[in-house]
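Single-structure report; data block below.
The values are calculated or read from the model by the stated rules, or taken from the named source; none is laboratory data. Here the structure is a predicted model, which is why all the values come from computation and not from measurement. Cβ placement follows ideal geometry from the backbone for every residue including glycine, while neighbour counts extend to all protein chains displayed.
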């Protein structure tokens, strides 16, 4: 499985050059998100699941975008080999649907803890299909979308 090809991205008009790669492992029922990096360390991401299955979710935070505040979602799994490209100014999160789901992230900038940010996972009208997910205290403390002042 080829997960990145610079010439193909360029041909598609996607300006993306990975600067860092990392992964996370999640139990079934865990919601992670909705995460992004603030300027000047904002980054695009290429995400995919190499083990397990997740419902991957994006929310557009770009003020001038006609899809501002809208969500998009896709099933990513070790079996289907799908990838999701997350542009600058778009929040990312997921629901782990299996034990030991492993997500890989290629990012266009190196993670900067001082620019780490997010919005609440349950604040933009998306139906996650779960009633009692496992959500970290950090992710629960993010502001809701209606109160977030977007720098994008």
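Residues checked against (1) outside any loop (DSSP other than H, G, I, E, B); (2) at pLDDT below 95; (3) surrounded by 12 or more Cβ atoms within 10 Å (Cβ to Cβ):
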| site | (1), (2), (3) |
| --- | --- |
| 13 | no, yes, no |
| 36 | yes, no, yes |
| 41 | no, no, yes |
| 54 | yes, no, yes |
| 67 | no, no, yes |
| 76 | yes, no, yes |
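Condition check ((1) within 22 Å of residue 46 (Cβ to Cβ); (2) touching a strand residue (DSSP E or B) at 6+ places or on another chain (Cβ under 6 Å); (3) without any contact (Cβ under 8 Å) to a residue 60 or more places away in the chain; (4) not in a loop (DSSP other than H, G, I, E, B)) across all residues:
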| site | (1), (2), (3), (4) |
| --- | --- |
| 104 | yes, yes, no, yes |
| 109 | yes, no, no, no |
| 127 | no, no, yes, no |
| 149 | no, no, yes, no |
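The selection criterion, being over 22 Å from residue 75 (Cβ atoms) and not in a helix (DSSP H, G or I), does not hold for residue 132.
Out of 32, 62, one residue alone is assigned to a loop (DSSP other than H, G, I, E, B) and either closer than 26 Å to residue 114 by Cα or at pLDDT below 95 (or both). It is 62. For the range 111-125, which residues satisfy the criterion of being farther than 17 Å from residue 19 by Cα, in contact with a strand residue (DSSP E or B) (Cβ under 8 Å, 6 or more places away or on another chain) and assigned to a loop (DSSP other than H, G, I, E, B)? Correct list: 119, 120, 121, 124, 125.
Closer than 29 Å to residue 144 by Cα, modelled with pLDDT of 95 or more and in contact with a helix residue (DSSP H, G or I) (Cβ under 8 Å, 6 or more places away or on another chain): is that true of residue 27 in this structure? No, not satisfied. Note on the range 108-122: among residues that are closer than 18 Å to residue 151 by Cα and more than 15 Å from the chain's Cα centre (by Cα), the one that is surrounded by the most Cβ atoms within 10 Å (Cβ to Cβ) is 115. Of all residues in the range 85-100, one or more are outside any strand (DSSP E or B), at positive phi and in contact (Cβ under 8 Å) with a residue 60 or more places away in the chain.
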